[in-house]
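A quick write-up on the structure given underneath.
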């Protein structure tokens with residue numbers, strides 16, 4: 001069980017592998033295009049992504065229970081895509097290969113910005 005906060009970190013490409021477990025991941029908020037691969041076995045996976053981030057998901061998980069249809073994503077060329085994917089300043093491509101899993105994608109308003117040392121002076 002764990003939480004992985006990768007929000008506002010300048011990611012370009014990330015691959016994560018884990019077996020069974022429960023994981024919450026925060027992605028986005030960095031103004032870039034990131035490709036994230038998640039490969040897991042039996043797991044409960046919750047991914048939080050800002051609504052302003054364009055999102056495209058390729059899902060390989062025959063036994064996966066998801067909320068993708070109810071999360072505002074639509075199917076294009078066998079991928080789940082947000083309506084703002086093409087126009088968003090920031091985009092995330094998720095490549096999910098999950099076994100017997102529960103997957104929840106949660107679109108959130110935005111991540112709070114953090115102050116840098118320069119902003120505090």
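The values are calculated or read from the model by the stated rules, or taken from the named source; none is laboratory data. Owing to the predicted nature of the structure, the values given are computational and were not obtained by experimental measurement. With ideal geometry, Cβ positions are generated from the backbone for all residues, glycine too; neighbour counts draw on all protein chains shown.
The table below lists the values:
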| read-out | value |
| --- | --- |
| Residue match in the range 28-49 (condition: under 14 Å from residue 84 (Cβ atoms), out of contact with any helix residue (DSSP H, G or I) (no Cβ under 9 Å at 6 or more places or on another chain) and not in a strand (DSSP E or B)) | yes |
| Search result, residues across the range 86-110 that are in contact with a strand residue (DSSP E or B) (Cβ under 6 Å, 6 or more places away or on another chain) and either more than 24 Å from residue 31 (Cβ to Cβ) or modelled with pLDDT under 90 (or both) | 97, 98, 101, 102, 103, 104, 110 |
| Residues that are buried (at least 18 other Cβ atoms within 10 Å of the Cβ) and free of Cβ contacts under 8 Å to residues at least 40 places away in the same chain, drawn from the range 7-59 | 25, 53, 54, 56 |
| Residue 59 being modelled with pLDDT under 95, part of a strand (DSSP E or B) and under 13 Å from the mean Cα position of the chain (by Cα) | yes |
| Any hit, the range 67-85, residues being modelled with pLDDT under 90, part of a strand (DSSP E or B) and out of contact with any helix residue (DSSP H, G or I) (no Cβ under 9 Å at 6 or more places or on another chain) | no |
| Enumeration of residues in the range 14-27 that are more than 25 Å from residue 72 (Cβ to Cβ) and either at pLDDT below 95 or in a loop (DSSP other than H, G, I, E, B) (or both) | 17, 18, 19, 20, 21 |
| Subset of the range 82-96 [without any contact (Cβ under 8 Å) to a residue 60 or more places away in the chain, farther than 16 Å from residue 37 by Cα and surrounded by 11 or more Cβ atoms within 10 Å (Cβ to Cβ)] | 82, 83, 84, 85, 88, 89 |
| Qualifying positions in the range 60-70 - surrounded by fewer than 17 Cβ atoms within 10 Å (Cβ to Cβ) and over 18 Å from residue 16 (Cβ atoms) | 62, 63, 65, 67, 69, 70 |
